[in-house]
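Student: There's a structure below that I have some questions on.
The values are calculated or read from the model by the stated rules, or taken from the named source; none is laboratory data. Only a predicted model underlies this, so the values are computations on that prediction, with no experimental measurement involved. Don't worry about glycine lacking a Cβ; one is built from the backbone with ideal geometry, like all the others, and counts go over all protein chains shown. Only protein heavy atoms, including side chains, enter the accessible area calculation; ligands, DNA and RNA are left aside. Shrake-Rupley method; radii C 1.70, N 1.55, O 1.52, S 1.80 Å.
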Amino acid sequence: MTYNLGVDVGGTFTDVIVFDEDTHELTIDKVLSTPDAPSEGVLAGIEEATGKAGTSVSELELLFHGTTVVTNMLLEETGSRVGLITSPGHEDVLHLARAWTPGPLYGWMDMDKPDPLADLVDTRSVPGRVDSPDGSIVEPLDEAAVREAVRDLEASGVEALTVALLNSYLNPVHEERIREIVREEAPGLPVSISADIVPEYGEYERTLTTVINDYARPQVIDYLDDLDDSLAEAGSTATMNVVRSDGGLMSSAAAKARPVELALSGPSGGVVGAATIARTKGVPDVLTLDMGGTSTDVSLVEDGTPETTRQTKVGYREFKSRSVDVNTVGAGGGSIARVQLSGSLQVGPRSAGADPGPACYGQGGEEATVTDANVVLGRIPPTVQLGGKMELDRAAAHDAVAAVADERGSSVEEAAQAILDLVNENMHGALRVVSVERGYDPRDFGLVAFGGAGPMHANALADVMGAYPLVVPPGPGVMSAFGFLTSDVQNEFSETYLETDRDVDGDDVYREFQSLRGEAAEWLRSEGVDDEDHAFEYVADCRYFRQDIQMSIPVDVTNLRTETGITEIKGDFEARHDRRFGFSLEAPLEIANLRVIGRGTLEGVTIEEYEKGAVDPSAAEIGTDEVYFDGRYHDTPVYDRSHLDPGNEIAGPAIVVEDDSTVVVQPDHTATIDRYANIEITRGDSA
C-alpha cells in the first residue's frame, strides 16, 4: 500500500494528514509542536499519524511539509547574523528603505522602526560598477577588495553573506564573480546574490529580500538537515517537498537555497486546499476564511485560482516574494474581550494563546475570550472535547463572560453575543479588504470556512455578505495540511522589461517569455519533474507609463504573436484597473516585469466522490441542547459529523461536531452533505 502525508507545523499544534492512495481514506492527527526543536515535533506527529492510519513511516511515498520556521524567525528576529556586500555609496540602503510609516499622518511619532537584518557594522562596499539601462560595465570589479571584505566578514563572525550590487538585475556578472570568490575564501559560508533571488529593478526590495533569504538560511539548512536525517533513521524513503508561500512545492534542497520563499508557507496551504475543494464541487469563485486561536486569514479565489501577490509582508518588513494574497486580522478563538474606559467593548487583537488559553480550557485563564462566549451561548455543546481530548470548564467560561457583562450592565448572554458580533465584524472587515475594496462583489462568491474556529462563525459572516454557498470541508481544522497534498511543484522566473506598448510588439514579448520558460523548464527537471508533467503560466506586471501602480496580468502566449497580442494585454489591464480604482487613463501601457511560473503536477491526494443517499440525518443526531440565537434560546439538535452521509439535509438551527472543529448552522438555513462530504450551507429561501 502507498501513502502520502502532509504536515503543517504551527506555533502550538502540528497538524498531520495521511492519504491512503489505495482506499482514498484520510487520517488526521494533531500533536503539540516543539518550538525549541521543530524537527522533533514533526517526526513525533508523523509517527503518531502513520500509526493511527495503520501504516509506518517507511511506507510513505510523498511527504509535503509546511512550516512557520521562517515566519517566526522574522517576527521574533531570531535569525542569523548576515554580512552584506554592496556598491560604494549604497551601504545605507536598508536604513533608507521606503518613505512609509504606519497609521495616520503622525504615525511616525510612535513608530518603533526595527534595525536592519544586516547591520552596518557587517556591511562592506567593493569597487565595480554596472551601468543602467544597458548593463554595461563602466568600472571593473576590484577582486582584491572583494577577497579582503569576505575575509574580514568571516573573521567578524557573520553566519551568511548577501551580495546586492547596484543594477545587477541588468548584468549579474559582478555578483556571480563575488559568489565564486566567497566560495573560494569561505567555502562554509552560505551566500546569496540578489540577481538570483530577485532579478528585477528596485534596489531596496532586491537587497532586503536577499538579506532575508540569508537571515533565515543557516537555521533552515540545519532544520531541514535534521528532519531529513530523522526521517531516514525512521526508515523513510519518501520524497519530501516543502511548501512555498505561493502554495507550490519545492524540494528540500531548493528550500535550503531559497528559504525566503517559505515566509508564508503555512497559511498558503489552507487557501490552496480550499480552492481545490471549491473547484472540484463547481464553485470556482470563493472567499476563504481560516480562523484559528489567535488570528484569522482571509483570501480570495477567482476561477479556481488563489489570488497571489509579489509583495509579501511579515511583521514590519515587506519584501519581494510571490505568495498567496492573504489578509490577516487579530481575531481568533483566543481573542480577549474587555470593556474599555469609555464603556465600549473591544475584542482582540490580544489573545490568551495556548497558555493559559481561554478560561474554558481550565488552565488558569480568567479573561473572557471568543471561545468562552461560544461556550456560554451553547455553540460548543457540552459533549465537545477540545481536539477530541480536553474537557471544557464551562463554569469558568461563564464566570469570565459574566465579568464583562457586569461591566457593561447586561445579561451574560447579551455580553457573549456582543463578543461574537464584534469578532465577526472584525473578520467581515478583513473579507471586505480582499473583495469589495478590490472591486469584487462578495455576493458573487461562495465562502469556504476552515481552521479550528472558522466553521463556528462562518454562517454569520456568509449571512452578512450574502456569500453563498458556505462550504465547510471535512477535517477543517487541518485544512492547511490537506492543502499541501493538493499542491504542485512550482517556482517563478522573472526579469525586468520596462517597455511600452508603443515600442514593442507581441513577438518581442513572446521571445522574452520563451527565454524565461527555458529557465523554468530547467529548474523543473532539476526537481525531478518529467517534461510531460510541465505546465507554464505567463504573467506581465503592467502599469500606465510613468506611474508606479502595477497590476499582474495573465498572458495567453498563443495570442501574443497575433496583431492583437499587446492590445489584449492592455485591455485586460485597463479593465482590472477600472474595477479596482474606478477609472482608466488615455496613456501608454508599460510592461515593467515579465514572469513565468513553472509548474510540475503531482497527485498527492484524490478527493473522493460519493453517491447521494437519504435526506434524513437522524442517524447522526446525538442529542439536543439549548443554543442562543437571535436573542433567545432554541432547542437545537447536535449531530456527529462522522455519521452524516452525502445527501443528508439538516434544518437550522443545528450544531455539527467533529474532533477538530464545530459547525454552527443558524436558524433559517439548511446544511446539506454534498457528494464530496462537504457541509454546504445555504439560506433558507435559497435552499
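Student: Quick one: if you stick a label point 7 Å off each Cα along the C-beta vector at Thr78 and Asp399, how many nm between them?
Tutor: The answer from the label model is 3.3 nm.
Student: Run the quick spin-label model on Glu425 and Val464: label points 7 Å from Cα toward the beta carbon, then report their separation in nm to one decimal.
Tutor: About 0.8 nm, to one decimal.
Student: Contour minus end-to-end for Thr34 and Ser136, with contour as 0.36 nm per residue of separation and end-to-end as the Cα-Cα distance?
Tutor: 31.6 nm
Student: Per-residue HN-Hα couplings for region 82-98, Karplus 6.51 cos²θ - 1.76 cosθ + 1.60 at θ = phi - 60°, whole Hz, x for Gly and Pro?
Tutor: Computed from phi, the couplings for region 82-98 are 10, x, 10, 10, 9, 8, x, x, 10, 5, 9, 4, 6, 6, 5, 6, 10 Hz.
Student: Just the ratio, please: alpha-carbon radius of gyration of region 132-181 over 2.2 N^0.38 Å, N its number of residues.
Tutor: In units of the 2.2 N^0.38 Å rule of thumb, it is 1.25.
Student: Right, next: Using Stokes-Einstein with the Kirkwood hydrodynamic radius over Cα pairs, what translational diffusion coefficient do you get for region 336-468 at 25 °C and a viscosity of 0.890 mPa s, in µm²/s rounded to a whole number?
Tutor: In µm²/s, the coefficient rounds to 157.
Student: With Rg and the Kirkwood Rh both taken from Cα atoms, where does Rg over Rh land for region 91-213?
Tutor: Checking Rg against Rh, the ratio lands at 1.02.
Student: Could you state the orientation-averaged shadow area of the convex hull built on the Cα atoms of region 504-637, in nm² to one decimal?
Tutor: 16.7
Student: Based solely on C-alpha atoms, express the radius of gyration and the Dmax of region 558-681 in angstrom.
Tutor: 24.9, 67
Student: On to the next question. With the calculation restricted to Cα positions, what are the radius of gyration and Dmax of region 418-568 in angstrom?
Tutor: Here Rg and the maximum Cα pair distance are 21.1, 60 Å.
Student: Right, here's the next one. Looking at the chain, how many pairs of lysines come closer than 27 Å at the Cα, when each pair is eight or more places apart or spans two chains?
Tutor: So the count of such lysine pairs works out to 10.
Student: Only loop residues by DSSP count here, and only those with at most 13 other Cβ atoms within 10 Å; note down the chymotrypsin sites (Phe, Trp or Tyr not before Pro) in region 106-214 that meet that.
Tutor: Filter output for region 106-214: Tyr106.
Student: So what is log10(I(q)/I(0)) for region 195-260 at q = 0.13 1/Å, when the Debye sum runs over its Cα atoms only?
Tutor: -0.43
Student: Kindly write out, for region 535-549 in residue order, the coupling ³J(HN,Hα) from the Karplus curve 6.51 cos²θ - 1.76 cosθ + 1.60 (θ = phi - 60°), rounded to whole Hz, with x marking Gly and Pro.
Tutor: 9, 9, 10, 10, 9, 10, 7, 10, 7, 6, 4, 6, 10, 10, 8
Student: Right, here's the next one. Looking only at Cα atoms, what is the convex hull volume of region 391-432 per residue, in Å³?
Tutor: Dividing the Cα hull volume of region 391-432 by its residue count gives 75 Å³.
Student: I would also like to ask the following. State the extension gain, in nm to one decimal, for the chain segment bounded by Tyr610 and Arg147, taking 0.36 nm per residue of separation less the distance between their alpha-carbons.
Tutor: 160.1 nm
Student: What's the Kirkwood radius of the chain in Å, using all Cα pairs?
Tutor: 26.8
Student: Charges on Cβ only, +1 for Lys and Arg, -1 for Asp and Glu, centred on the Cα centroid of the chain; of Val69, Leu345, Gly6, which one is farthest towards the dipole's positive end?
Tutor: Working it through, the farthest residue towards the positive pole turns out to be Leu345.
Student: Taking N as the number of residues in region 579-622, what value does Rg over Cα atoms divided by 2.2 N^0.38 Å take?
Tutor: For region 579-622, the normalised Cα radius of gyration is 2.72.
Student: What distance in nm separates the simple spin-label points at Glu522 and Asp285, each placed 7 Å from Cα in the Cβ direction?
Tutor: 4.1
Student: How much accessible area per residue does the chain have, in Å², with a 1.4 Å probe?
Tutor: 41
Student: Let me know the charge dipole size of the chain about its Cα centre in debye, to the nearest 20, where only the beta-carbon of Lys, Arg (+1) and Asp, Glu (-1) is charged.
Tutor: Value, rounded to 20: 1280 debye.
Student: Same structure again: Tell me the carbon and sulfur percent of the accessible area for the chain, rounded to whole percent, probe radius 1.4 Å.
Tutor: C and S fraction of accessible area: 46 percent.
Student: For the pair Ala232 and Ile622, what calculated FRET efficiency results from E = 1/(1 + (r/R0)^6), where r is the Cβ-Cβ distance and R0 = 30 Å, to the nearest 0.05?
Tutor: 0.10
Student: Given the Cα-Cα distance of Asp92 and Ser342 and 0.36 nm per residue of separation, how much length would full extension add, in nm?
Tutor: Length difference between fully extended and current span is 85.5 nm.
Student: Be a star and scan region 314-333 for residues whose amide nitrogen sits under 18 Å from the point 7 Å along the Cα-to-Cβ vector of Tyr204.
Tutor: Taking a point 7 Å out along Cα→Cβ of Tyr204, the residues of region 314-333 whose backbone N falls under 18 Å are 314-321.
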